[in-house]
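Please treat every number below as a calculation from the coordinates, not as lab data. From a predicted model like this one, the values you see are computed outputs, not experimental measurements. FYI the Cβ positions are ideal-geometry reconstructions off the backbone, even for glycines, and counts take in every protein chain you see.
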Amino acid sequence: MSDQAKNAFFGGLQQTLDQLREQGLYKPERVLASRQGAEVVAQDGSKLINMCANNYLGLSGEEWVAQASIAATEQYGYGLSSVRFICGTQTVHKKLEQAISSFLGTEDTILYAAAFDANGGVFEPLFDENDAIISDALNHASIIDGIRLCKAARFRYQHNDMADLETQLQAAAGKRHKVIVTDGVFSMDGTIAQLDKICDLADKYGALVMIDECHASGFMGATGRGTHEHHNVMGRIDIITGTLGKALGGAMGGFTSARKEVIDMLRQKSRPYLFSNTLAPSIAGASLAVLERLSTSTELRDRLHENTAFFRKEIEALGFTIKPGTHPVVPVMLFDAPVAQKFAARMYELGVLLSGFFYPVVPMGQARVRVQLSAAHTRGQLVTVLAAFEQAGRELGLLKN
Ligand SMILES: *Cc1c(COP(=O)(O)O)cnc(C)c1O
């Protein structure tokens, strides 16, 4: 490569990076020096209450989960150096697949290195140009990418809009198989998909239903099975994808769960499964221990929902505006992007870690800080966080009261 060609390439990258910085869209990484948890230690030694992890059940830094992963490493070793179908499947992987299936109420489950891979590899083996995928406009990036890899006709319905979903189902009428795809819970707003209505429409128009349960598995519904339990449609959902990297332990890993024909086909044809290494035994073993715990007790799920209800009530009493709902994702609306940035920075100084979101991640004028509750938060920590919200809110002149 000539110097000129090099300069054009690397200089071009630098220019784009500089633009991102100027636009406030550059994403710096926060470096932690501790385990993940309700309280974390930053690289500079400061202690922070963490309100922005997907650590819904508080398991990421839990000692018993770490011990389960160590025990699995002792028994099964560090890794497999193989894809599943050559010599990368151990008893612990099969046990985990069974445990996920029985937790979700499905027939079979296939593991992936991430939910991103599960969504990336689910459409292409099951649907082709004769079929239609009808997808919520705000579905996760991995669903969008997965759909792109598939030749099926694409129909997009306006976010959470059941009338538009019906219009799109009608538009897809000539297609052989139809599948409606939605996040079970949308993580920007904590919006819960209307699965009861979606299943009714699916019945009416002969469509399958697929949900992505990354922000639901482990804590939505009376026993934490997910959004399908929450909406009382267990058994009416055809395909469930999810992650082991959020509530269910927090390391990494993903899955697709469905009828056995679907899973069997994915094992034969799904490219992120066929051409990528097997999930580490430590993760499989720890995830299994987590599911065993969640299947015998709703204690963590109950504590999470108590924390959520407490925080939602108290933050509104302080005079902040939140998106109404019941999910542990609580968007505290600040509307203005620079205000959201200043607010998050001030909260950091006050010992609270949270993240600001603004356009283009959320619509213009909808800037916010997003709070995520965890079962690991103590009442005392939440009171401290609320006091910091009040102080930062007063300083920035944001409080109605
Ligand atoms: C986080 C997330 C994913 C990706 O999960 P990973 O296991 O981290 O790849 C997919 N879908 C949704 C809705 C998510 O929130």
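Restricting attention to the stretch 40-66, report how many residues are surrounded by fewer than 19 Cβ atoms within 10 Å (Cβ to Cβ) and in a strand (DSSP E or B).
Counting residues in the stretch 40-66 that are surrounded by fewer than 19 Cβ atoms within 10 Å (Cβ to Cβ) and in a strand (DSSP E or B) gives 3.
Could you tell me whether GLY105 is under 26 Å from GLY245 (Cα atoms) and of a type in the set (Gly, Ala, Ser)?
Numbers: under 26 Å from GLY245 (Cα atoms): yes; of a type in the set (Gly, Ala, Ser): yes.
Yes, satisfied.
Restricting to the stretch 91-115, give me the number of residues that are in a helix (DSSP H, G or I) and either within 22 Å of GLY77 (Cβ to Cβ) or within 16 Å of the ligand (Cβ to nearest atom) (or both).
Pass one, the stretch 91-115, residues in a helix (DSSP H, G or I): 91-104, 115.
Next cut, either within 22 Å of GLY77 (Cβ to Cβ) or within 16 Å of the ligand (Cβ to nearest atom) (or both) only: 91-100, 104, 115.
Qualifying residue count, the stretch 91-115: 12.
Of everything in the stretch 124-144, what is more than 15 Å from ILE211 (Cα to Cα) and either within 16 Å of the ligand (Cβ to nearest atom) or among the acidic types (Asp, Glu) (or both)? Give them in sequence order.
Of everything in the stretch 124-144, those that are more than 15 Å from ILE211 (Cα to Cα) and either within 16 Å of the ligand (Cβ to nearest atom) or among the acidic types (Asp, Glu) (or both) turn out to be GLU124, ASP128, GLU129, ASP131.
Give the stretch 186-229 a look and list any residue that's of a type in the set (A, V, I, L, M), over 17 Å from the mean Cα position of the chain (by Cα) and not in a loop (DSSP other than H, G, I, E, B), or say none. I'd like the intermediate steps shown before the answer.
Taking the stretch 186-229 as the starting set, the residues that turn out to be of a type in the set (A, V, I, L, M) are 188, 192-193, 195, 198, 201-202, 207-211, 216, 220, 222.
Now restrict to residues that are over 17 Å from the mean Cα position of the chain (by Cα): 195, 198, 201-202, 207-209, 222.
Those that are of a type in the set (A, V, I, L, M), over 17 Å from the mean Cα position of the chain (by Cα) and not in a loop (DSSP other than H, G, I, E, B): LEU195, ILE198, LEU201, ALA202, LEU208, VAL209.
Provide a single number: the residues in the stretch 67-90 that are assigned to a helix (DSSP H, G or I), more than 24 Å from the chain's Cα centre (by Cα) and in contact (Cβ under 8 Å) with a residue 40 or more places away in the chain. So that I can check it myself, show each step before the final result.
So in the stretch 67-90, the residues assigned to a helix (DSSP H, G or I) come out as 67-76, 84-87.
Subset that is more than 24 Å from the chain's Cα centre (by Cα): 67, 70-76, 84-87.
Narrowing the set further to residues that are in contact (Cβ under 8 Å) with a residue 40 or more places away in the chain leaves 70-73, 75-76, 84-85.
So the answer is 8.
Part of a strand (DSSP E or B), closer than 18 Å to ASP203 by Cβ and either within 16 Å of the ligand (Cβ to nearest atom) or free of Cβ contacts under 8 Å to residues at least 12 places away in the same chain (or both) - does that describe any residue in the stretch 145-167?
No, because not a single residue in the stretch 145-167 is part of a strand (DSSP E or B), closer than 18 Å to ASP203 by Cβ and either within 16 Å of the ligand (Cβ to nearest atom) or free of Cβ contacts under 8 Å to residues at least 12 places away in the same chain (or both).
Quick one: which residue in PHE311, PHE357, PHE335, PHE343 is farther than 26 Å from ALA222 by Cβ and in contact (Cβ under 8 Å) with a residue 60 or more places away in the chain? Write out each step before concluding.
Numbers: PHE311 fails: farther than 26 Å from ALA222 by Cβ; PHE335 fails: in contact (Cβ under 8 Å) with a residue 60 or more places away in the chain; PHE343 fails: in contact (Cβ under 8 Å) with a residue 60 or more places away in the chain.
Exactly one of PHE311, PHE357, PHE335, PHE343 is farther than 26 Å from ALA222 by Cβ and in contact (Cβ under 8 Å) with a residue 60 or more places away in the chain, namely PHE357.
Would you confirm whether or not the stretch 257-274 contains a residue that is assigned to a helix (DSSP H, G or I), in contact (Cβ under 8 Å) with a residue 60 or more places away in the chain, within 16 Å of the ligand (Cβ to nearest atom) and surrounded by fewer than 16 Cβ atoms within 10 Å (Cβ to Cβ)?
yes
Mind listing whichever residues of the stretch 319-335 are under 17 Å from LEU396 (Cβ atoms) and exposed (fewer than 15 other Cβ atoms within 10 Å of the Cβ)?
Those that are under 17 Å from LEU396 (Cβ atoms) and exposed (fewer than 15 other Cβ atoms within 10 Å of the Cβ): GLY319, PHE335.
Can you pull out every residue in the stretch 168-188 that is surrounded by fewer than 16 Cβ atoms within 10 Å (Cβ to Cβ) and within 13 Å of the ligand (Cβ to nearest atom)?
Listed by number, the list is empty, since nothing qualifies.
Limited to the stretch 326-371, what total is found for residues that are touching a His at 6+ places or on another chain (Cβ under 9 Å) and in a strand (DSSP E or B)?
Pass one, the stretch 326-371, residues touching a His at 6+ places or on another chain (Cβ under 9 Å): 326-329.
So of that shortlist, the ones also in a strand (DSSP E or B) come out as 329.
Counting residues in the stretch 326-371 that are touching a His at 6+ places or on another chain (Cβ under 9 Å) and in a strand (DSSP E or B) gives 1.
Name the residue that is farthest from the ligand (Cβ to nearest atom), counting only residues in the stretch 226-256 that are surrounded by fewer than 24 Cβ atoms within 10 Å (Cβ to Cβ) and under 10 Å from LEU104 (Cα atoms).
Ranking the candidates gives GLY235 first.
Among the residues of the stretch 381-394, is any in a loop (DSSP other than H, G, I, E, B) and more than 16 Å from ALA344 (Cβ to Cβ)?
no
Could we say that PRO338 is in contact with a helix residue (DSSP H, G or I) (Cβ under 7 Å, 6 or more places away or on another chain) and within 18 Å of LEU354 (Cα to Cα) here?
Details: in contact with a helix residue (DSSP H, G or I) (Cβ under 7 Å, 6 or more places away or on another chain): no; within 18 Å of LEU354 (Cα to Cα): yes.
The answer is no for PRO338.
Is it the case that ALA118 is part of a helix (DSSP H, G or I) and farther than 19 Å from GLY184 by Cβ?
Working: part of a helix (DSSP H, G or I): yes; farther than 19 Å from GLY184 by Cβ: no.
In short, no.
Among GLY24, GLY58, GLY121, GLY77, which is small (Gly, Ala, Ser), within 16 Å of the ligand (Cβ to nearest atom) and touching a helix residue (DSSP H, G or I) at 6+ places or on another chain (Cβ under 9 Å)?
Values: GLY24 fails: within 16 Å of the ligand (Cβ to nearest atom); GLY58 fails: within 16 Å of the ligand (Cβ to nearest atom); GLY77 fails: within 16 Å of the ligand (Cβ to nearest atom).
After applying the criteria, what remains is GLY121.
Being hydrophobic (A, V, I, L, M, F, W, C) and more than 13 Å from LEU165 (Cβ to Cβ) is the filter; apply it to the stretch 196-223 and report the residue that is nearest to the ligand (Cβ to nearest atom).
Keep residues of the stretch 196-223 that are hydrophobic (A, V, I, L, M, F, W, C), which gives 198-199, 201-202, 207-211, 214, 216, 219-220, 222.
Filter again for more than 13 Å from LEU165 (Cβ to Cβ), leaving 208, 210-211, 214, 216, 219-220, 222.
Values: LEU208: 18, MET210: 12, ILE211: 10, CYS214: 3, ALA216: 9, PHE219: 14, MET220: 13, ALA222: 22 Å.
So, considering only residues that are hydrophobic (A, V, I, L, M, F, W, C) and more than 13 Å from LEU165 (Cβ to Cβ), the one nearest to the ligand (Cβ to nearest atom) is CYS214.
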